[in-house]
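Asker: Questions regarding the structure given below will be posed in turn.
The values are calculated or read from the model by the stated rules, or taken from the named source; none is laboratory data. Note that the structure is a prediction, hence the values are computed from the model and not measured. Glycine gets a Cβ as well: all are built from the backbone with ideal geometry, and neighbour counts include every protein chain shown. Accessible surface is based on the protein model in full, side chains and every heavy atom, while ligands, DNA and RNA are left aside. Shrake-Rupley method; radii C 1.70, N 1.55, O 1.52, S 1.80 Å.
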Amino acid sequence: MAAAITDITPIFRDILHDPDLDLASTTRFDDLAGWDSMDLITVVVEVECRFDLQFELPEIDRLTNIGDLVRMIEAKQALAAA
Amino acid sequence: MGFSGFPFLLGFLPLVLGGFALAGRRGEAWAKSWLIAASLVFYAAGAPTFLPLLLLSVGGNFWLLRRMHGSDTAARWATGGVVVNLAVLGWFKYLNAEPALGLSFVSFTQIGCLLHHAGGDTRAPRMRDYALYAAFFPALLAGPILNPRDMLPQIARTEGWRLSADNLAVGSGFFIIGLLKKTILADPLSTLVGPGFANPAALTFFPAWQAAMAYSLQLYFDFSGYTDMAIGLAWMVGLRFPDNFEQPYRAQSVIAYWQRWHMSLTRFLMTTVHAPLTLAILRWRKARRLPIDATAQATPAGFFSMIGMPIVVTMVLVALWHGATLPFLLFGLLHAGFLLVNHAWRTKHAPALPAVASIALTYICVLVGSVLFRSESVGQAVGLLGGMAGLHGIDPIRTDGRTAAALLWLFALYAIVWCAPTTRQWMLSGSTSRLVWRPSSPWAVAMGCAATLGVLAAGGTSEFLYFRF
């Protein structure tokens, strides 16, 4: 999971304009300074492009923290590789 | 059959609870079946001609859910189901001579369930559970719009379908507070609201403000009172409904207001309209190598496409959901405008106003919107807003006893709105303060007195304002 968090951290830093932002799997989106629902959708679209994936809305609705997002990326990558 | 009428309070409710206690002893299936039967009787008592429509709607949606499970084309079935639900709702809400009671809420609750199952990998609920989810009488006529993710697991459980003292105590507390909000706080305001909106062109500055303020308070106490009663009824039989209000008139921005007013509708539209539209727009921009970051969102074109368009579309739908009239449409567009200014303010990182000024400014925006919301024509709204702007003159405040009593009453209601805890905070805080409810003998006596007061006041009670939607 650590590698995937490293991969998505630049996306969060860009969107939240915070070059020093550090993320952990337990970091809740709602606890990030300035976070709103628009940021979540922006992150998802950036992640879709970065990892060549597509998220469904109910999946996005279930995301509450960084760990959720990373696990979903890994699950989709595994499914694509199978 | 409204919750605050004698037939419900003295006939239907005691019968339902008594029957639930007996059915619960025979098991889960009996208890659920009893509640479904009671819900159908409740609906038939209010709108007998539309009972077949309710049955068809629940049956049709359940058939679709069963069809979708395990299907590769579940998303298509869900889309088709949403279209049919909206078409039926549109017909009976806008084109039929007599609107179908509660259909907006039943349809949205079921649309939410279809979309929840659109992936095809979620097992459909059992028929009895789905019927109770879609047609349970406390939420049948005016919500809250139930989220399948929260409600279906509660309904599917097999234990706990017994009438318990704990559930009855807390549930009746919610119900009694809701009853008082409706009968003691909201209904008397109609004597200020009705005459004010009947002849708005004659209103000078202070009477116009009084009429608008009285209506905003009436709408809040009426609808939040209804919601407290619905939450209480569900609680009595062991089900937990979501909140629909979180002190909305204390909001410090219009964005926050919509997160705290009619929360179940806001959540539903954010999930089903705003989020999908925003997602589609961002993907479209990304596919064309257009930026989607915060800097792009702050440019006029980026702001319009990524933030403005989803908000305008969502608020127009909010307006049309309430009714296909010009005042409702203007209400939706006005709130879209407020939200856009609010988002632009955020996007530009403009400094926040002091809390009191933010609350006051937000409330004035909401108040102006509520004038459009209450008005039957644009002329009526313009007349009242003109009075509030002083265009019809500014007479000194009258000093007679009636005016003083009305002002005192409004002052007391604002004190409740801005200072009192929510019903949930008051009932469930667990605080040891004597002012907070707890299951004790003194509070049982107090709630008994409050219930008596509420029932006595219910004699002349009016229908809930949100039943028309």
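Asker: Suppose we keep only residues that are open to solvent by less than 20 Å² (accessible area, probe 1.4 Å), β-branched (Val, Ile, Thr) and in a helix (DSSP H, G or I) within segment B:234-283. Which one would you say is farthest from the other protein chains (Cβ to nearest Cβ)?
Answerer: That would be B:Val254.
Asker: Same structure, new question: Sort out which residues of segment B:20-59 are within 14 Å of B:Arg128 (Cα to Cα), open to solvent by 30 Å² or more (accessible area, probe 1.4 Å) and over 23 Å from the mean Cα position of the chain (by Cα), and write them in order of number.
Answerer: Listed by number, the residues that qualify are B:Glu28, B:Ala29, B:Trp30, B:Ser33, B:Trp34, B:Ala37, B:Leu55, B:Gly59.
Asker: Please go through segment B:424-466 and give me each residue that is at pLDDT below 80, under 24 Å from the mean Cα position of the chain (by Cα) and either surrounded by fewer than 17 Cβ atoms within 10 Å (Cβ to Cβ) or β-branched (Val, Ile, Thr) (or both), ordered by number.
Answerer: B:Ser429, B:Gly460, B:Thr461, B:Ser462, B:Glu463 - these are the residues of segment B:424-466 that are at pLDDT below 80, under 24 Å from the mean Cα position of the chain (by Cα) and either surrounded by fewer than 17 Cβ atoms within 10 Å (Cβ to Cβ) or β-branched (Val, Ile, Thr) (or both).
Asker: I'd like the residue in segment B:320-336 that is without any contact (Cβ under 8 Å) to a residue 60 or more places away in the chain and open to solvent by 30 Å² or more (accessible area, probe 1.4 Å) and, out of all such residues, is nearest to B:Leu269 (Cα to Cα).
Answerer: Of segment B:320-336, the ones without any contact (Cβ under 8 Å) to a residue 60 or more places away in the chain are B:320, B:325-334, B:336.
Add one more test, that the residue is open to solvent by 30 Å² or more (accessible area, probe 1.4 Å), and what stays is B:320, B:325-326, B:329-330, B:333-334.
Numbers: B:Leu320: 12, B:Thr325: 20, B:Leu326: 21, B:Leu329: 16, B:Leu330: 19, B:Leu333: 16, B:Leu334: 18 Å.
Among those residues, the one meeting the criterion is B:Leu320.
Asker: Another question, then. For segment B:334-350, does any single residue satisfy the condition of being in a helix (DSSP H, G or I), of a type in the set (Gly, Ala, Ser) and within 26 Å of A:Val43 (Cβ to Cβ)?
Answerer: The answer is yes, given that some residue of segment B:334-350 is in a helix (DSSP H, G or I), of a type in the set (Gly, Ala, Ser) and within 26 Å of A:Val43 (Cβ to Cβ).
Asker: Only one of (1) open to solvent by 20 Å² or more (accessible area, probe 1.4 Å); (2) within 23 Å of B:Leu168 (Cα to Cα) is not met by B:Asp228, so which one is it?
Answerer: (1)
Asker: Looking for something open to solvent by less than 30 Å² (accessible area, probe 1.4 Å), without any contact (Cβ under 8 Å) to a residue 60 or more places away in the chain and hydroxyl-bearing (Ser, Thr, Tyr) - is there at least one such residue anywhere in segment A:28-51?
Answerer: yes
Asker: Restricting to segment B:136-147, what's the tally of residues that are part of a helix (DSSP H, G or I) and open to solvent by 10 Å² or more (accessible area, probe 1.4 Å)?
Answerer: 1
Asker: Okay, next question. Within segment B:75-101, which residues are within 18 Å of B:Leu269 (Cα to Cα), among the hydrophobic types (A, V, I, L, M, F, W, C), within 14 Å of another protein chain (Cβ to nearest Cβ) and open to solvent by 10 Å² or more (accessible area, probe 1.4 Å)?
Answerer: Once the filter is applied, which keeps residues that are within 18 Å of B:Leu269 (Cα to Cα), among the hydrophobic types (A, V, I, L, M, F, W, C), within 14 Å of another protein chain (Cβ to nearest Cβ) and open to solvent by 10 Å² or more (accessible area, probe 1.4 Å), segment B:75-101 yields only B:Val82.
Asker: Still on this structure: Just checking, how many residues over segment B:102-135 are of a type outside the set (D, E, K, R) and open to solvent by 40 Å² or more (accessible area, probe 1.4 Å)?
Answerer: Residues meeting the conditions: 5.
Asker: Taking only segment B:359-417 into account, find how many residues are assigned to a loop (DSSP other than H, G, I, E, B) and either among the small types (Gly, Ala, Ser) or open to solvent by 70 Å² or more (accessible area, probe 1.4 Å) (or both).
Answerer: Residues flagged as assigned to a loop (DSSP other than H, G, I, E, B) and either among the small types (Gly, Ala, Ser) or open to solvent by 70 Å² or more (accessible area, probe 1.4 Å) (or both) within segment B:359-417 amount to 13.
Asker: Return yes when B:Leu163 is in a helix (DSSP H, G or I) and touching a residue at least 60 places away in the same chain (Cβ under 8 Å) and no when it is not.
Answerer: Here the answer is no, as B:Leu163 does not meet what is asked.
Asker: Still on this structure, please answer the following. Which one is nearest to A:Ser37 (Cα to Cα), of the residues in segment B:297-310 that are open to solvent by 10 Å² or more (accessible area, probe 1.4 Å) and among the hydrophobic types (A, V, I, L, M, F, W, C)?
Answerer: B:Ile307
Asker: Kindly check whether there is at least one residue in segment B:301-310 that is in a helix (DSSP H, G or I), in contact (Cβ under 8 Å) with a residue 60 or more places away in the chain and either of a type in the set (Lys, Arg) or under 25 Å from B:His116 (Cβ atoms) (or both).
Answerer: No, the conditions are met nowhere in segment B:301-310.
Asker: Here are some residues: B:Arg424, B:Arg434. Which one is basic (Lys, Arg) and assigned to a helix (DSSP H, G or I)?
Answerer: One residue alone meets the criteria, B:Arg424.
Asker: Is there a residue being within 27 Å of B:Thr272 (Cα to Cα), in contact with a Ser or Thr (Cβ under 7 Å, 6 or more places away or on another chain) and modelled with pLDDT of 90 or more anywhere in segment A:14-25? Spell out the reasoning first.
Answerer: Step one: of segment A:14-25, the residues within 27 Å of B:Thr272 (Cα to Cα) are A:15-16.
This time we only want the ones that are in contact with a Ser or Thr (Cβ under 7 Å, 6 or more places away or on another chain), so: A:15.
Add one more test, that the residue is modelled with pLDDT of 90 or more, and what stays is none.
No, segment A:14-25 contains no residue that is within 27 Å of B:Thr272 (Cα to Cα), in contact with a Ser or Thr (Cβ under 7 Å, 6 or more places away or on another chain) and modelled with pLDDT of 90 or more.
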